[in-house]
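The values are calculated or read from the model by the stated rules, or taken from the named source; none is laboratory data. In this text, all values refer to a predicted model and were calculated from it rather than measured experimentally. All Cβ positions, glycine included, derive from the backbone under ideal geometry; neighbour counts span all protein chains shown.
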Protein chains: 2
Amino acid sequence: MESVKSQSYEVHINELAKAALNQHVAQNKYSKIFLLVDENTKLHCKPLFLDMFESAIDAVLEIPSGEEHKHIHTCLQLWEQLSRLDGDRKSLLINLGGGVLTDMGGFVASTFKRGIDFINIPTTLLSMVDASIGGKTGVDLGSLKNQIGVINQPQMVLVFPEFLKTLDERQTKSGYAEMLKHGLIQDKAYWNDLTENQNFTDPACIQKSIAIKNEVVLQDPTEQGLRKILNFGHTLGHAIESYCLDNPNKRTLLHGEAIAVGMILEGYLSHELRGLSRLALDDIKKGFLAHFDRVDFNEEDIDAILQLLKYDKKNSHGNVNFVLLQAIGTAVTDIKVPEELFPKAFAYYEE
Amino acid sequence: MESVKSQSYEVHINELAKAALNQHVAQNKYSKIFLLVDENTKLHCKPLFLDMFESAIDAVLEIPSGEEHKHIHTCLQLWEQLSRLDGDRKSLLINLGGGVLTDMGGFVASTFKRGIDFINIPTTLLSMVDASIGGKTGVDLGSLKNQIGVINQPQMVLVFPEFLKTLDERQTKSGYAEMLKHGLIQDKAYWNDLTENQNFTDPACIQKSIAIKNEVVLQDPTEQGLRKILNFGHTLGHAIESYCLDNPNKRTLLHGEAIAVGMILEGYLSHELRGLSRLALDDIKKGFLAHFDRVDFNEEDIDAILQLLKYDKKNSHGNVNFVLLQAIGTAVTDIKVPEELFPKAFAYYEE
């Protein structure tokens, strides 16, 4: 499986990943090698990792899993541990986990002694196809996601689809939603492949998604223009995710589940505003609903979600700009949406 | 007074600084402008700053002054304030203060929403001639200095020697020690000027020091080789600074006071190991003792300081490497020092 070349590093998959890891560690005379895990990856992924890793790990650091631990206090504990364990500027941190762990581990490495090397080994489908590219690291600030962080690249990212066997189906599907997004914004043939042939955990599909995201990021590393298309489905999706998280009466949605709803809604907006065909719109809805249960939203829910959207406004000069589709595979950015279309979009989703 | 061009930004002095600041802010459409001060700069420097600043400040953030507040909890308060005040990625943070404030403000800006613009206005001589170049940002971790941080450049650094009038003489002299270091490691004529002509707060002297540090950093931005010469006097100086800080029986030394001692000691080591002439060594000692009171060290003090030095070893593969002088103006790096020379160096300092 061919590696994907990003700006300063490569994403290696399967057998190449193992070789690249061991070669890199053999060539760089690291003073210490630290492995970061959470309670899940410690149990399910660490043994597989140690089997293929040919050097010695100096210490294993463990953090509790879950977004609620993705904050600066967990970082402080990690910095203190690294310091106590004599970590220096020539140390390496290997992050073995999902997006929360690789985001946080990347931030801790990027800021410990003004930056040490790190390698990410994403263990969920979502982190393989999404967090593996772009260099975003960071933690939450209260309930605000990813407010503290830096853009900094790992030495390499290693993808072992084997790890996906340790996940439940709901977790895996959450990553699938991002893969479908990659097809929708950039590659109609890939969308067709994914929706017609269900085997999305195939390494070739994972590699294709990584390659699409990489192409977009390489063209716009600082998120000034094109890269915004990666937010398709996320504007409403994030508001829905936050609303369900904070509302005890709603089932909490995984990130992928929320943006799946977001993509159907924003697909409808695309049909209304950018000429996405009705056929394509229905294809999108069908594609997602084949894998993701429909979520019920009553009028009150919709009002609250739109309020959250307006609150978000404050963080971008007072405007909500949407990414919409002209066709499957072709996205456009910076589109303003008249408010009256939102209830219609929800109605289309529910019908 | 000519500006000093660093990698991605310039250090402007006096009248050019005012023009550059106002022009930059006029050209960049910042969504919010925040000013960071401590209780001293709020009182003594903010009025002068507001007099020359032609735009509106959206909010003034205040932190307590002093190294003991240079930690992640202060950063957390600043991130929360920026967030509450609707700071977004197009915001600007202006850091008005000494090295502690500009280091910490630079770190907060570099990590808020993965990095916003910041401008540093150093208000102490030490921060003008030292922290203004190199892009080091960060905070302490417990008693370990600058363990958490990133390398990131400000939009510009503005130097107003006028601010020095708000400092007491001891504070100003602390910066003078770094200026003398610049002469010792790179420029004999500048050393002679500084020691023969006492007017070291002259803008031309400040500019010369900034230019010397800048030249060194530009040649070695990632601290692999040449940049190490900036550590002359700091290996023993840091250990002395830490020892005096933690020992209730010793007078706490300012950074410059500690490295002044360090430079005499390491001058002696240079004489023993790298052929620095006795004449030059005595000139160095005389140069520092003309401005810095001699500190008394008994045998117990010296033992404890050397223990601290050994503790530092753990952070660099087990070796202490010194920067020494072959002559005034010519430094060499990575020199190992036999332990028996340390007591002799202290004896020379005390005699």
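Pairs only if they're at least six apart or on different chains, beta carbon under 7 angstrom, first in region A:110-136 and over 20 Å from A:ALA177 (Cα atoms), second assigned to a loop (DSSP other than H, G, I, E, B) and modelled with pLDDT under 95; list them, first residue then second.
A:LYS113/A:ASP88; A:LYS113/A:ARG89; A:ILE116/A:ARG89; A:ASN120/A:SER132
Restrict the check to region B:220-233 and report whether at least one residue is acidic (Asp, Glu) and buried (at least 16 other Cβ atoms within 10 Å of the Cβ).
yes
I'm trying to understand the selection: among the residues of region B:214-262, which are farther than 30 Å from B:SER8 by Cα and polar (S, T, N, Q)?
Selection gives B:SER242, B:ASN247, B:ASN249, B:THR252.
Report every pair of residues separated by at least 6 positions or lying on different chains whose Cβ atoms are under 6 Å apart, first residue within region B:222-242 and in a loop (DSSP other than H, G, I, E, B), second crowded, with 22+ Cβ neighbours inside 10 Å and small (Gly, Ala, Ser).
Hits for this filter: B:PHE232/B:ALA331; B:GLY233/B:GLY262.
Could you pull out the residue among A:CYS45, A:CYS75 that is hydrophobic (A, V, I, L, M, F, W, C) and either more than 30 Å from A:THR222 (Cβ to Cβ) or surrounded by fewer than 22 Cβ atoms within 10 Å (Cβ to Cβ) (or both)?
A:CYS45
Failed condition for A:SER110, given (1) touching a strand residue (DSSP E or B) at 6+ places or on another chain (Cβ under 7 Å); (2) crowded, with 17+ Cβ neighbours inside 10 Å, with all others met?
(1)
Answer yes if at least one residue in region A:66-85 is assigned to a loop (DSSP other than H, G, I, E, B) and among the polar types (S, T, N, Q), and no otherwise.
Checked region A:66-85: no residue is assigned to a loop (DSSP other than H, G, I, E, B) and among the polar types (S, T, N, Q).
When only residues in region B:48-66 that are touching a residue at least 24 places away in the same chain (Cβ under 8 Å) and exposed (fewer than 14 other Cβ atoms within 10 Å of the Cβ) count, which is nearest to the other protein chains (Cβ to nearest Cβ)?
Residue satisfying both the conditions and the ranking: B:SER55.
Looking only at region B:29-65, how many residues end up being assigned to a loop (DSSP other than H, G, I, E, B) and either outside the structural domain of B:SER91 (by TED's automatic domain parsing) or in contact with a Phe, Trp or Tyr (Cβ under 8 Å, 6 or more places away or on another chain) (or both)?
Counting residues in region B:29-65 that are assigned to a loop (DSSP other than H, G, I, E, B) and either outside the structural domain of B:SER91 (by TED's automatic domain parsing) or in contact with a Phe, Trp or Tyr (Cβ under 8 Å, 6 or more places away or on another chain) (or both) gives 3.
Taking only region A:323-351 into account, find how many residues are among the basic types (Lys, Arg) and modelled with pLDDT under 95.
Total satisfying the criteria: 1.
What pairs come out if I take residues in region B:1-30 that are under 16 Å from B:LEU92 (Cβ atoms) and pair them with residues that are surrounded by fewer than 17 Cβ atoms within 10 Å (Cβ to Cβ) and of a type in the set (Ser, Thr, Tyr) whose C-beta lies under 7 Å away, six or more apart or interchain?
Every condition considered, the pairs that remain are B:VAL25/B:SER55.
Matching residues to (1) closer than 25 Å to A:GLY66 by Cβ; (2) of a type outside the set (S, T, N, Q); (3) at pLDDT 95 or above:
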residue	(1), (2), (3)
A:ILE229	no, yes, yes
A:GLU241	yes, yes, no
A:CYS244	yes, yes, no
A:PRO248	yes, yes, no
A:THR252	yes, no, no
A:GLU266	no, yes, yes
A:HIS271	no, yes, yes
A:LEU281	no, yes, yes
A:ASP312	yes, yes, no
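Please list, ordered by residue number, the strands (runs of 3 or more DSSP E) wholly in region B:117-200 having 2 or more residues that are away from chain A (no Cβ under 14 Å).
B:117-122, B:156-159
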